[in-house]
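This report concerns only the one structure given below.
The values are calculated or read from the model by the stated rules, or taken from the named source; none is laboratory data. The model shown is predicted, which means the values in this text are computed figures rather than measured ones. In this analysis, Cβ positions are derived from the backbone assuming ideal geometry, glycine residues included, and neighbour counts consider all displayed protein chains. These area figures cover heavy atoms from the full protein model, side chains too; ligands, DNA and RNA do not enter into them. Shrake-Rupley method; radii C 1.70, N 1.55, O 1.52, S 1.80 Å.
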Amino acid sequence: MSADNTKSAKPQITRRDFLGVAWAALTLVLGGELAGVLFRYIQPVSTGGFGGVVNAGKVDDFQRGSITNNQAGRFYLYRMEDGSFLALWQKCTHLGCSVPYVEAENQFHCPCHGSLYNQLGEVQGGPAPRPMDFFPVTITDGQVFVDTGNPITRTKFDPSQTTKA
Ligand code: FES
């Protein structure tokens with residue numbers, strides 16, 4: 001028996017076969033990654049952060065007349081003098097910068113192009129085309145919940161945008 005006969009008995013993996021298996025494995029991995037990303041994208045956003053329902057805290061934690069920055073939810077919670085709540089999205093309605101509340105000025109003052117908003121989010125100056133958007137607020141068992149998945153645009157403030165405690 002010759003050495004050539006021994007070699008021909010071994011299974012041969014051609015370059016084409018190897019590349020075919022490699023492509024199949026790569027496709028499987030990428031498909032799995034894509035499925036994971038899609039699943040995370042389409043699953044309902046849960047509580048805790050921007051895009052979902054945020055528990056802002058207990059009603060009694062917010063003094064009347066105060067404005068509280070909720071960084072995780074990207075909103076300001078204004079507890080009005082009558083005790084009701086208004087949640088304002090921090091996003092400037094001009095070009096989308098994050099708008100800080102400047103306590104010394106008693107207003108929101110956008111650092112990008114100078115838009116000014118009062119505590120109700122109404123435009124007081126600058127290029128902003130409309131009031132700050134707001135989020136629906138609900139109160140359950142003495143807790144304030146803000147639905148940051150549904151920003152609402154408006155042309156002016158109306159008391160119906162607030163939630164009574
Ligand atoms: S983005 Fe706020 S004033 Fe332009």
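So how do 67, 152, 13 rank on accessible area, 1.4 Å probe, biggest first, that is with the largest at the start?
So, going from the largest accessible area down, we get 13, 152, 67.
Which of the trypsin sites (Lys or Arg not before Pro) across region 57-110 are loop residues per DSSP, with 13 or fewer other Cβ within 10 Å?
Filter output for region 57-110: 64.
Sort 113, 94 by heavy-atom solvent-accessible area, probe 1.4 angstrom, most to least.
Of 113, 94, the descending order of accessible area is 113, 94.
Could you derive backbone 3J(HN,Hα) for region 121-134 from the dihedral phi with the Karplus parameters 6.51, -1.76 and 1.60 (θ = phi - 60°), listing whole Hz in sequence and x where the residue is Gly or Pro?
x, 7, 5, 10, x, x, x, 4, x, 7, x, 4, 5, 10
Contour minus end-to-end for residue 63 and residue 158, with contour as 0.36 nm per residue of separation and end-to-end as the Cα-Cα distance?
Result for the pair: 32.1 nm of gain on full extension.
Report, please, the projected area of region 53-161 averaged over directions, based on the convex hull of its C-alpha atoms, in nm².
Approximately 6.4 nm², given one-decimal rounding.
In terms of Cα to Cα distance under 13 Å, which aspartates and glutamates are near enough to residue 156, apart from those fewer than 8 places away along the same chain?
122, 133
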